[in-house]
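First up is the structure itself, then whatever we jot down about it.
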Amino acid sequence: MSMRYEEGTVFANKSIAVATISFGVLVSACGPRPVSFREDVQPILQHNCAVCHSNGGVGYKVSGFSVVSYTTVMKGTKFGPMVIPGSSLQSNLVWLLKHGAHPSIDMPKICAQMADHGGVCAVASSSARRLPQREVTLIAAWIDQGARNN
């Protein structure tokens, strides 16, 4: 009888070890990957926002917000911060990208290059478009992960 108990114990111990290893692999595979500002977020901002939100751009003139670097993104606007590290829900950048604010300030705008049109695009409520959801989700994840300069 003790032999069966020992065999059962060995089997149980092996099962626990296999389950523990499997669970660890699943957790690490399912966990969020670190989002990189340089490799993930900055290209989105450069492609969609920099034409307005860099020195000389209409968005920069109106708000003071620049996306040319991590430092300028974290500086925010002349009205306040755009990114609250650790909270995409409180970050104005995400609200604007999700079109959760007043339509006149939803981002990004789509105009014939804004610098040539003075401030027209900055107040044109019908000129906002939506970023693909995966890009907004990626920016929100970066913020939720602490908005690091990585």
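The values are calculated or read from the model by the stated rules, or taken from the named source; none is laboratory data. Since the model is a prediction, treat every value here as computed from it, not as a measurement. All Cβ positions, glycine included, derive from the backbone under ideal geometry; neighbour counts span all protein chains shown.
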Being surrounded by 22 or more Cβ atoms within 10 Å (Cβ to Cβ) and hydroxyl-bearing (Ser, Thr, Tyr) is the filter; apply it to the range 61-89 and report the residue that is farthest from Arg134 (Cα to Cα).
-> Ser66
Mind checking which pairs have a first residue in the range 34-46 that is without any contact (Cβ under 8 Å) to a residue 24 or more places away in the chain and a second that is in a loop (DSSP other than H, G, I, E, B), Cβ under 8 Å, 6 or more apart or different chains?
-> Gln46/Val67
Filter result for Val51 (hydrophobic (A, V, I, L, M, F, W, C) and farther than 20 Å from Gln90 by Cβ) | yes
Subset tally (residues that are in a helix (DSSP H, G or I) and surrounded by 19 or more Cβ atoms within 10 Å (Cβ to Cβ)) for the range 38-55 | 4
Is it fair to say Arg33 is modelled with pLDDT of 95 or more, of a type in the set (D, E, K, R) and within 18 Å of Glu135 (Cβ to Cβ)?
-> no
